Amino acid sequence: MNADIEWATKGEYNNFHITKPRIFGSIGLQKDFSLRRLGSLTADLRCIDLFNTNKTDAIIYGYRDLTVHNPARRTFLLDLTWKFNEARSKYRGSGAGDKQKARM
């Protein structure tokens, strides 16, 4: 499980000015499943902007000054990763490399 909170104060950032402070939180959960001979499956579920508070109000400086208002968007992500044909290392575990050391 992982959690993240981001907070940005109002003020100048590079070529834009944040007019209101913003804060948002994210949370995620990751679980690994062993499929034995088929490999392993990893499921990663995340919720970005958990409290629906990531609103951006800014002025972007350039040839023209642009006023930007981004409403909050809560996003859910599901990432599935399947690792198949995982190679077994002959160097893993206790006594790893004993045959190679004896040979030399």
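Of the accessible area of the chain, computed with a 1.4 Å probe over protein heavy atoms only, carbon and sulfur atoms account for 56 percent. With all pairs of separate Cα atoms included, the chain yields a Kirkwood hydrodynamic radius of 18.3 Å.
Take every Cα pair under 8 Å in the chain that's 6+ residues apart, average their separations, divide by the length, and report that relative contact order as a whole percent.
It rounds to 23 percent for the chain.
Charged neighbours of Asn15, selected by a Cβ distance under 14 Å, balance to -1 (K, R count +1; D, E count -1). Once the 1.4 Å probe is applied to the protein heavy atoms, the chain comes out at 87 Å² accessible per residue.
Rounded to the nearest 500, the 222 nm mean residue ellipticity of the chain from helices alone is -1500 deg cm²/dmol, with -39,500 (n - 2.57) taken per DSSP H run of at least 4 residues.
The values are calculated or read from the model by the stated rules, or taken from the named source; none is laboratory data. None of the values given here were measured: they were computed from a predicted structure. Virtual Cβ from ideal backbone geometry, glycine too; neighbours counted across all protein chains shown. Ligands, DNA and RNA are stripped out before the accessible areas are found, and what is left, the full protein with its side chains, is counted by its heavy atoms. Shrake-Rupley method; radii C 1.70, N 1.55, O 1.52, S 1.80 Å.
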